[in-house]
């Protein structure tokens, strides 16, 4: 059954990347759209910098979740990670980059447009 699904998906024509139908909204930023990453970006947009522990507690996430999702945002250029020591204890702080702030602003604009379109119906 899985093979037939793969074949049908592969056979389906794909629209070239970057092309949309008239009036169609641009795609959401998939890097930010994932719930934990959206939480991280939202928290950092409101208060920056935040430590690893502050993000973990604020989002009620595991160490692994924060670490993996913060790294994904860092790889996208949306946040900066600074590691230091407070005495003998390691401290990791995160801060949005200018690109991260712009991406978050675009994401919010996109979501706002969707809400307005829905309310207009």
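The values are calculated or read from the model by the stated rules, or taken from the named source; none is laboratory data. Remember, it's a predicted structure, so these values are computed and weren't measured experimentally. Note: ideal-geometry Cβ built from the backbone for every residue, glycine included; neighbour counts use all protein chains shown.
Restricting the first residue to the stretch 66-77 and requiring it to be in contact (Cβ under 8 Å) with a residue 12 or more places away in the chain and at positive phi, which pairs with a second residue that is surrounded by 14 or more Cβ atoms within 10 Å (Cβ to Cβ) and in a loop (DSSP other than H, G, I, E, B) meet a Cβ separation below 8 Å and a spacing of at least six or different chains?
From residues that are in contact (Cβ under 8 Å) with a residue 12 or more places away in the chain and at positive phi, the pairs are 77/97.
So which residues in the stretch 92-121 are farther than 20 Å from residue 33 by Cα and at pLDDT 95 or above? Walk me through how you get there before you give the answer.
Just the residues of the stretch 92-121 that are farther than 20 Å from residue 33 by Cα, to begin with: 92-93, 119-121.
Listed by number, the residues that qualify are 92, 93.
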